[in-house]
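Colleague: Below is a structure I'd like to ask you about.
The values are calculated or read from the model by the stated rules, or taken from the named source; none is laboratory data. Computed from a predicted model, the values in this text were never measured in an experiment. Counting neighbours? That spans all protein chains shown, and the Cβs are built from the backbone with ideal geometry, glycine included. Accessible surface is based on the protein model in full, side chains and every heavy atom, while ligands, DNA and RNA are left aside. Shrake-Rupley method; radii C 1.70, N 1.55, O 1.52, S 1.80 Å.
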Amino acid sequence: MSKVLEVCESDNTLMATRRLIKNAVERLELPPVVYDYLSVPMRFVEVAIPVEMDNGATEVFTGYRCQHNNVLGPYKGGIRYHHEVTTDSIKALSMWMTLKCALVGVPFGGAKGAVVCDPLKMSVKEKERLSRAYIRALASVLGPETDIPAPDVFTDAQVMAWMADEYSKIKQVPSFGVVTGKPLAVGGCVGRKEATGRGCFYVAREAARAINLPFNQARIAIQGSGNVGGSAARLFAEEGCTVVAISDISGGVYNPNGLDVSALLEHVQKTGFIKGFAGGETITNQDLFNLDCDILLPAAIENQITCDNAGNIKAKIVVEGANGPTTPDGDRILKEKGVLVVPDILANSGGVTVSYFEWVQNNYGFRWDLATVNKRLEDKMVEAFRLVYCFTEDNCDGLDMRTGAYMFAIQRLAEAMEYRGWL
Ligand code: NAD
């Protein structure tokens, strides 16, 4: 295994994830082969995706699908359109999916996909051609019982609809269960769009309870105003919490008396960005991490809380809405400061939970109402938080919920491996 680690030495995120897995396997006194299974993907596919651009020229994009582990069920994980995607970051993201599904108790394995592109510079038609071409290139390894993609950064319900349509054409049968996060009109699930942010809201509430922080008086700062950050912001505001700051790729806005979250999200919907919103003082993404607040929700991209800014964080709770927002150095500093970090594999598992609900409904040709979806999501998130929090208290010397979450998930994965005869 050391050979694999050497190759990836440049990628902090993947190496850090492997270290966390190894630490959990050792603490649980599991056979080392459990680490060997979980430290490399079962399959990694790289494809060339030729797309005709609006100017008539053909551009060849690179696409990936990483199928990490399917001991618990079909592979599951989002597809990301981003110019900064690397093979190692996709591998790490797929590992987190495996751990997340195990943790929250949904019968899926872990996967992740991506296309290296700048979607902000592409037209709608170019994005449609890219999304369809991605599915054509990977259809042989995807399927409702094999591997089920979903939205991630800069992909949305419309992208999923194009993908479901293309896959159905290839198979010559409506096969919408191949992806989740679809629009309602083509087999989507009510509440899926908001599910990850809603899940973050539930675990933030549980975390506040755990440290006796009055939740409805909490001051919240959020990085990211997209699917996760925006949905969570709305729920925090509805609960009576004070959302003091939100940022996105264009910068941020701060109002110590509380932002008008609905007006801000309307502005983002209209203009695409927070920039130009008049309801507060303009700040940078870095300023956001220094603000006086009780709960910090990084809900944008990886590696945002680092050794450079973790020391300045004043929040008592960090809820990792994004995948991998905290570097190992940043994490160590937060631990030393006694900040309760709700780790990504727990905090943002609401998305895959409702994706699972969508897949179940597609398989049964049945539709649940919003109250049912939200109640089932709340039950799952509250249960997962409490199980991991108690497990951490009992096994991990206090507040490090990341170690606890990894151990808890890997214990479940190892049990399935054992029963399936993999060990
Ligand atoms: P999104 O595309 O809807 O929103 C992303 C937000 O991050 C946008 O506001 C964007 O402007 C901002 N952003 C991007 N780059 C940035 C940068 N360099 N600095 C500051 N802000 C930046 O994506 P999303 O679905 O909300 O996903 C956000 C995070 O949550 C990602 O890490 C994703 O992997 C994770 N996540 C999403 C889901 C889901 O269901 N959508 C589920 C689990 C985890």
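Colleague: (1) open to solvent by less than 10 Å² (accessible area, probe 1.4 Å); (2) over 20 Å from the mean Cα position of the chain (by Cα): which one isn't true of F176, the others all being true?
Modeller: Single failed check for F176: (1).
Colleague: Test K76 against the stated conditions and say whether it is among the basic types (K, R), at pLDDT 95 or above, open to solvent by less than 20 Å² (accessible area, probe 1.4 Å) and assigned to a strand (DSSP E or B).
Modeller: yes
Colleague: Quick one: in segment 275-290, of everything that is open to solvent by 30 Å² or more (accessible area, probe 1.4 Å) and under 22 Å from the mean Cα position of the chain (by Cα), which residue is farthest from the ligand (Cβ to nearest atom)?
Modeller: Across segment 275-290, the extreme among qualifying residues is Q286.
Colleague: Out of the residues in segment 346-366 that are closer than 26 Å to D292 by Cα and hydrophobic (A, V, I, L, M, F, W, C), state the one that is surrounded by the fewest Cβ atoms within 10 Å (Cβ to Cβ).
Modeller: Top of the filtered list is L346.
Colleague: Sticking with this one: Quick one: W162 ticks every box in (1) modelled with pLDDT of 95 or more; (2) within 14 Å of the ligand (Cβ to nearest atom) except a single one, so which number is it?
Modeller: Only one criterion is unmet by W162, namely (2).
Colleague: When residues of segment 363-382 are filtered for being over 28 Å from R18 (Cβ atoms), part of a helix (DSSP H, G or I) and modelled with pLDDT of 95 or more, how many remain?
Modeller: Summing the residues that are over 28 Å from R18 (Cβ atoms), part of a helix (DSSP H, G or I) and modelled with pLDDT of 95 or more in segment 363-382 gives 11.
Colleague: Give the number of residues within segment 9-35 that are more than 26 Å from I79 (Cβ to Cβ) and either surrounded by fewer than 15 Cβ atoms within 10 Å (Cβ to Cβ) or not hydrophobic (A, V, I, L, M, F, W, C) (or both).
Modeller: Looking only at that region, the number is 11.
Colleague: Further question on the same structure: If you take the residues of segment 296-314 that are within 15 Å of V244 (Cβ to Cβ) and over 21 Å from the mean Cα position of the chain (by Cα), which of them is farthest from the ligand (Cβ to nearest atom)?
Modeller: K314
Colleague: Next question, about the same structure. So L99 fits all but one of (1) surrounded by fewer than 24 Cβ atoms within 10 Å (Cβ to Cβ); (2) of a type outside the set (V, I, T); (3) part of a helix (DSSP H, G or I); what number is the exception?
Modeller: Here L99 meets the rest and fails (1).
Table: residues versus (1) farther than 22 Å from R219 by Cα; (2) in contact with a Cys (Cβ under 8 Å, 6 or more places away or on another chain); (3) assigned by TED's automatic domain parsing to the domain that holds R80; (4) open to solvent by less than 10 Å² (accessible area, probe 1.4 Å).
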site	(1), (2), (3), (4)
V318	no, no, no, yes
T326	no, no, no, no
G330	no, yes, no, yes
G338	no, no, no, no
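Colleague: Looking at segment 36-53, is at least one residue closer than 27 Å to L20 by Cβ, in a loop (DSSP other than H, G, I, E, B) and open to solvent by less than 20 Å² (accessible area, probe 1.4 Å)?
Modeller: No, every residue in segment 36-53 fails to be closer than 27 Å to L20 by Cβ, in a loop (DSSP other than H, G, I, E, B) and open to solvent by less than 20 Å² (accessible area, probe 1.4 Å).
Colleague: What is the number of the single condition among (1) away from the ligand (no atom under 16 Å from the Cβ); (2) open to solvent by less than 10 Å² (accessible area, probe 1.4 Å); (3) within 20 Å of the chain's Cα centre (by Cα) that C293 does not meet?
Modeller: Of the numbered conditions (1) away from the ligand (no atom under 16 Å from the Cβ); (2) open to solvent by less than 10 Å² (accessible area, probe 1.4 Å); (3) within 20 Å of the chain's Cα centre (by Cα), the odd one out for C293 is (3).
For (1) β-branched (V, I, T); (2) in contact (Cβ under 8 Å) with a residue 12 or more places away in the chain, each residue gets a yes or a no:
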site: R136; (1), (2): no, yes
site: S140; (1), (2): no, no
site: P149; (1), (2): no, yes
site: D156; (1), (2): no, yes
site: D165; (1), (2): no, yes
site: V173; (1), (2): yes, no
site: E206; (1), (2): no, yes
site: R209; (1), (2): no, no
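Colleague: I'd like to check something: does segment 145-156 contain any residue that is within 13 Å of the ligand (Cβ to nearest atom) and in a helix (DSSP H, G or I)?
Modeller: no
Colleague: Consider segment 296-316. How many of its residues are surrounded by fewer than 24 Cβ atoms within 10 Å (Cβ to Cβ) and outside any loop (DSSP other than H, G, I, E, B)?
Modeller: Total satisfying the criteria: 3.
Colleague: For residues that are over 17 Å from K193 (Cα atoms) and open to solvent by 10 Å² or more (accessible area, probe 1.4 Å), tally how many sit in segment 145-162.
Modeller: Qualifying residue count, segment 145-162: 2.
Colleague: If we keep just the residues of segment 117-144 that are within 17 Å of T62 (Cα to Cα) and in a loop (DSSP other than H, G, I, E, B), which is least open to solvent (accessible area, probe 1.4 Å)?
Modeller: Step by step, filter segment 117-144, then rank; the result is C117.
Colleague: Related question: Which of the residues belonging to segment 261-274 are over 24 Å from the mean Cα position of the chain (by Cα) and either at pLDDT below 95 or open to solvent by less than 90 Å² (accessible area, probe 1.4 Å) (or both)?
Modeller: A263, H267, T271
Colleague: Return the total of residues in segment 165-187 being among the small types (G, A, S) and within 15 Å of the ligand (Cβ to nearest atom).
Modeller: Total meeting the criteria: 1.
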